[in-house]
Amino acid sequence: MIRKIRVKAVGDLKLKHPTAGVLRPEGSMWPADQFTLRRLREGVITADTTEPARPKPETKAKAATAPQT
């Protein structure tokens with residue numbers, strides 16, 4: 001499986017990955033391949049390390065042990 005990273009363009013550049021497609025203004029998931037890593041080294045894109053917060057699913061065991069009122 002190919003590792004993917006979220007990248008964003010620096011400035012108003014319009015970039016297109018050969019296999020992943022166009023880089024959206026809000027960022028895109030691109031494979032961590034030679035093309036992407038080269039663009040990171042050049043400074044035309046940045047790796048977006050912020051992950052959107054995901055709510056933790058409530059487990060059935062937790063729900064079953066909750067006091068009934």
> Average projected area of the Cα convex hull of segment 1-44, in nm²?
Replying inline: 2.8
> Which far-off residues, 5 or more places away or on another chain, put their amide H under 5 Å from the one on VAL44, with H placed in the peptide plane?
Replying inline: none
> So between ASP12 and ARG38, what do we pick up on full extension, going 0.36 nm a residue minus the alpha carbon distance?
Replying inline: 7.5 nm
> Any idea of ARG39's accessible area? Nearest 10 Å², probe 1.4 Å.
Replying inline: 40
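The values are calculated or read from the model by the stated rules, or taken from the named source; none is laboratory data. Since we're looking at a predicted model, the values are computed, not measured. Remember, those area values only see protein heavy atoms, side chains included, never the ligands or the DNA or RNA. Shrake-Rupley method; radii C 1.70, N 1.55, O 1.52, S 1.80 Å.
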